Amino acid sequence: MNNVYFSFKIVLLNSFIILFAGALIAQKEVSAPRAPKKPTILTAFGKQRIDNYYWLKDRQNPEVIQYLEQENRYAEQMLAPAAPLKQKILEEVRSRINPQESSPYYQIGNYFYYQRYELGQEYPKYCRKKGNIQAEEEVLFDVAMMAQNKEVYELETFTPSDDHNYVALAIDTLGNNIFTLYFKDLRTGKMLDDVIPYCAGVVVWASDNKTVFYNTINPQTLRADQIKKHILGTPVSKDEILINEKDTQFSVSLMRSRSREYIFFSIDSVTSTEQYFIKANQPDQKPEMIVSRKQKGSYFTEHITEKGEDVFVMLTDYQAPNGRIIKCPVKEYKKGTWQEVVPHSDSTLIESFQAYKGFLVLKEQKNGLDAIRIINLLKNTQYYLPFIEPTFSVELDENMRTDTQTLRYIYTSFTTPTTYFDLDLVNQKQTLVKQEKILGNFSPAFYDTERIFAPAPDSTLVPISLVYRKGLVKNGENPLILYGYGAYGISEKPAFLPDLLSLLDRGFVYAIAHVRGGKEMGKAWYEQGKLLNKKNSFSDYIACAEYLIQKQYTKPQYLVAMGASAGGLLVATVLNQRPELFKAAVLEVPFVDVVTTMSDETLPLTTGEFEEWGNPKEKIYYDYMLSYSPYDQIKAQNYPHILVTTALNDSQVQYFEPAKWVAKMREMKTDNNLLLLKIDKNTGHVGKTGRFQQYEDIATNYSFILYALGINE
């Protein structure tokens with residue numbers, strides 16, 4: 001028998017009773033916090049709901065902060081026996097990370113830009129070389145110095161001007177996704193006086209090297225609602241508003257074409273797009289509309305030059321749920337004379353595309369797997385790049401040039417670190433550019449991956465991606481983490497995680513349930529997991545858990561549920577419905593108070609999500625959401641061990657949702673299992689941003705899982 005699994009069984013038999021009994025004793029010695037019940041009556045459609053913990057949303061109330069601090073202390077006390085294990089895992093993960101990693105070079109004009117880490121630094125240096133990669137290095141920014149004494153430092157945007165004399169930065173130091181724009185003169189090394197607060201983090205330069213376009217964030221709703229124009233050296237208060245979107249279900253965005261010749265402004269809801277353009281060398285041009293929101297459907301537009309003529313190329317799902325590619329000469333776009341280039345397919349979702357000289361590159365999803373299709377427009381031929389692993393992820397890299405026939409793409413899987421390839425589109429020759437270096441005793445050969453399908457109650461086959469240490473015995477004795485998301489059409493894809501090795505090497509199986517609500521199996525997969533079909537996401541996840549048990553990958557006493565954000569909603573709902581399936585659960589920044597949150601249009605991001613969850617002002621959606629809302633459906637029953645995490649500055653899922661959920665769960669549940677709430681008072685939705693710091697929370701999660709399962713070393 002494999003020594004790893006033999007050791008695991010011995011550990012499990014001998015330590016489970018000792019450690020778990022210790023946890024129960026500790027629980028008796030340390031009282032769990034109890035939030036006071038302060039009933040608030042909520043009324044809808046003539047019926048009343050009583051919310052005893054509604055008061056926790058008032059962060060200005062000292063009693064709220066006091067309660068959150070009590071929860072933090074309690075979680076720390078209860079996890080104290082697992083602290084040495086957490087530290088060991090943290091050291092393991094850090095030992096695998098190359099302390100002097102660097103990014104590939106990206107050519108923009110005559111410069112090669114890149115990032116590199118120095119020994120022990122949490123943040124990189126932004127650098128460039130002029131002319132070729134052997135040239136002398138120019139350090140533009142030392143982010144480690146900029147981020148000193150800050151818990152969060154997210155440099156979202158680093159955008160050089162066309163002449164490479166200036167660079168625009170978008171920085172968030174709170175973790176709330178509200179950015180401030182800064183500008184630096186790279187010739188003098190000085191920061192400019194132009195500082196623009198409350199931005200969404202996107203900056204687009206015009207060709208004149210002094211005009212920039214950006215989108216602003218409404219500080220109350222956190223919706224990107226305006227696109228403005230700023231000229232360097234002029235007062236920000238005088239910036240011209242180009243688009244002011246008042247419909248709260250829409251938000252604004254902008255981008256510059258890869259050809260650098262056009263700038264596109266988009267106004268998007270979940271289901272509709274309105275799009276405008278200007279020429280990059282005409283920053284004072286009035287934006288011209290390409291497509292109206294009345295058309296319905298989503299649109300993404302690029303520009304290419306074809307036979308000397310400017311052409312718009314567009315990906316749209318209008319009358320094509322999985323997407324199609326159309327094109328039109330710019331001078332004729334108003335006539336509506338669009339020509340279909342790639343037709344719609346019922347079996348293949350087009351996620352994105354890039355246009356090159358004579359080539360079109362499509363990023364697709366086929367049967368739940370990523371695919372890259374290369375279309376030779378001159379020869380009218382096409383082919384797919386071959387990938388051999390059973391489950392993986394592949395993405396088109398930024399590829400900032402169109403005057404090339406070289407495509408850069410990024411490949412990763414559970415067992416393959418992030419890898420960059422350059423593909424010659426003409427001769428199909430591939431060149432390995434760079435692979436993330438993993439230190440220590442790591443080899444992909446140590447692990448196996450699988451892709452299996454679980455039958456849902458309606459006979460739909462739900463994909464599951466799995467990874468585990470080679471030699472796994474499928475006897476039901478293996479600890480298994482089942483991760484799920486299933487919302488917003490986001491496909492959850494396998495990727496290499498250096499931290500995950502610490503669990504795999506301890507005998508764990510890691511699985512992703514690709515439930516409906518993502519787009520793994522196309523647009524229909526998304527439609528079947530949203531609005532009045534949302535319950536399919538929950539039944540899919542349960543079906544995956546049951547199938548893994550049936551096939552003896554694990555048993556309920558070794559099964560752990562995990563989800564973050566909307567995935568936290570998924571897991572919390574499933575815990576209400578089938579708590580006996582799981583031994584433990586980790587809910588990270590979970591969206592668990594669906595009805596109350598979606599009913600409060602003053603909260604950030606609410607109205608823009610009516611097309612995802614439903615508008616609770618309509619009874620059919622109110623009743624449906626209430627029937628599964630995790631907070632409202634907590635029952636007087638036994639639940640597994642649970643760890644919940646949140647952050648005080650989280651702008652996407654407000655801290656009070658998980659806080660309320662934990663308070664009510666303590667009131668209702670009938671077991672003595674662990675129920676812990678950890679709240680970070682200094683970060684936001686994505687937690688710590690430092691390269692090594694980000695693994696501290698992950699190590700906490702893993703040590704909790706091992707502790708809850710009774711595994712110690």
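The values are calculated or read from the model by the stated rules, or taken from the named source; none is laboratory data. Bear in mind the structure is a predicted one, so any value in this text is a computation, not a measurement. Cβ sites come from the backbone with ideal geometry, for glycine too, and all protein chains shown count toward neighbours.
A few remarks follow.
- Taken together, P604, P556, P590 contain a single residue that is under 21 Å from R49 (Cβ atoms) and in the same structural domain as E527 (by TED's automatic domain parsing), which is P590.
- Taken over segment 596-619, the residue count meeting the criterion of being in contact with a helix residue (DSSP H, G or I) (Cβ under 8 Å, 6 or more places away or on another chain), in contact (Cβ under 8 Å) with a residue 60 or more places away in the chain and in a helix (DSSP H, G or I) is 7.
- Only residues that are assigned to a strand (DSSP E or B) and touching a residue at least 24 places away in the same chain (Cβ under 8 Å) were counted in segment 415-429, giving 2.
- Exactly one residue out of R49, R59, R73 is assigned by TED's automatic domain parsing to the domain that holds Q633, assigned to a strand (DSSP E or B) and surrounded by fewer than 18 Cβ atoms within 10 Å (Cβ to Cβ), and it is R49.
- Residue within segment 485-496 that is part of a strand (DSSP E or B) and not polar (S, T, N, Q) present: no
- Out of Y126, Y166, Y117, Y113, sole residue that is touching a residue at least 24 places away in the same chain (Cβ under 8 Å), over 30 Å from K229 (Cβ atoms), buried (at least 17 other Cβ atoms within 10 Å of the Cβ) and not assigned by TED's automatic domain parsing to the domain that holds N399: Y117
- Of the set (1) at pLDDT 95 or above; (2) within 30 Å of P84 (Cβ to Cβ); (3) not hydrophobic (A, V, I, L, M, F, W, C), all apply to E63 but (2).
- Inside segment 628-649, residues that are in contact with a Leu (Cβ under 9 Å, 6 or more places away or on another chain) and either touching a residue at least 60 places away in the same chain (Cβ under 8 Å) or outside any loop (DSSP other than H, G, I, E, B) (or both) make up a count of 14.
- Subset of segment 689-709 [at pLDDT below 95 and assigned to a loop (DSSP other than H, G, I, E, B)]: T689, G690, R691, F692, Q693
- Residue within segment 199-219 that is part of a loop (DSSP other than H, G, I, E, B) and modelled with pLDDT under 95 present: yes
- Among the residues of segment 202-225, not a single one is over 26 Å from K279 (Cα atoms) and acidic (D, E).
- Among residues of segment 324-369, those that are more than 22 Å from Q405 (Cα to Cα), in a strand (DSSP E or B) and either assigned by TED's automatic domain parsing to the domain that holds K523 or within 31 Å of the chain's Cα centre (by Cα) (or both), counted: 6
- Lone unmet requirement of (1) of a type outside the set (D, E, K, R); (2) in contact with a helix residue (DSSP H, G or I) (Cβ under 9 Å, 6 or more places away or on another chain); (3) modelled with pLDDT under 90 for A659: (3)
- If you go through segment 222-269 and keep only what is of a type in the set (D, E, K, R) and closer than 18 Å to Y198 by Cβ, you end up with R223, D225, K228, K229, K238, D239, E240, E245, K246.
- Hey, K279 at pLDDT 95 or above, within 24 Å of T402 (Cα to Cα) and surrounded by fewer than 18 Cβ atoms within 10 Å (Cβ to Cβ) or not: yes
- The residues of segment 205-260 that are at positive phi and either crowded, with 18+ Cβ neighbours inside 10 Å or small (G, A, S) (or both), listed by number, are L222, G233, R260.
- The listed residue being within 21 Å of the chain's Cα centre (by Cα) and surrounded by fewer than 22 Cβ atoms within 10 Å (Cβ to Cβ), out of N682, N712, N615: N682
- Beta carbons closer than 7 Å, at least 6 apart along the sequence or on distinct chains, pair a first residue in segment 475-501 that is within 24 Å of K555 (Cβ to Cβ) and modelled with pLDDT of 95 or more with a second that is surrounded by fewer than 20 Cβ atoms within 10 Å (Cβ to Cβ) and not polar (S, T, N, Q) for G476/K555; E477/K9; L501/R96; L501/F442.
- Output for segment 536-550, where each listed residue is within 22 Å of the chain's Cα centre (by Cα) and closer than 23 Å to M598 by Cα: N536, S537, F538
- When segment 568-581 is filtered for residues that are more than 20 Å from A663 (Cβ to Cβ) and either within 15 Å of the chain's Cα centre (by Cα) or buried (at least 24 other Cβ atoms within 10 Å of the Cβ) (or both), the ones remaining, listed by number, are L570, V574.
- Residues that are touching a Pro at 6+ places or on another chain (Cβ under 9 Å) and within 25 Å of P343 (Cα to Cα), drawn from segment 372-407: S393, D397
- For segment 454-465, a residue qualifies if it is of a type in the set (A, V, I, L, M, F, W, C), touching a residue at least 60 places away in the same chain (Cβ under 8 Å) and not in a loop (DSSP other than H, G, I, E, B), and the qualifying residues are A454, V462, I464.
Table: residues versus (1) in contact (Cβ under 8 Å) with a residue 40 or more places away in the chain; (2) among the β-branched types (V, I, T); (3) surrounded by 14 or more Cβ atoms within 10 Å (Cβ to Cβ).
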| site | (1), (2), (3) |
| --- | --- |
| Q354 | yes, no, yes |
| A371 | no, no, yes |
| P386 | no, no, no |
| P390 | yes, no, yes |
| D403 | yes, no, no |
| Q435 | no, no, yes |
| N441 | no, no, no |
| I452 | yes, yes, yes |
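- When segment 190-204 is filtered for residues that are hydrophobic (A, V, I, L, M, F, W, C), under 12 Å from A170 (Cβ atoms) and surrounded by fewer than 18 Cβ atoms within 10 Å (Cβ to Cβ), only V195 remains.
- Members of segment 664-688 that are in a loop (DSSP other than H, G, I, E, B), over 22 Å from D172 (Cβ atoms) and not charged (D, E, K, R): T670, N672, N673, L674
- For the condition modelled with pLDDT under 95 and in the same structural domain as V473 (by TED's automatic domain parsing), S7 does not qualify.
- Residue identified as within 24 Å of F265 (Cβ to Cβ), modelled with pLDDT of 95 or more and among the aromatic types (F, W, Y) among Y126, Y166: Y166
- Note on segment 103-119: among residues that are under 26 Å from the mean Cα position of the chain (by Cα) and either modelled with pLDDT under 95 or part of a loop (DSSP other than H, G, I, E, B) (or both), the one that is farthest from P498 (Cα to Cα) is Y106.
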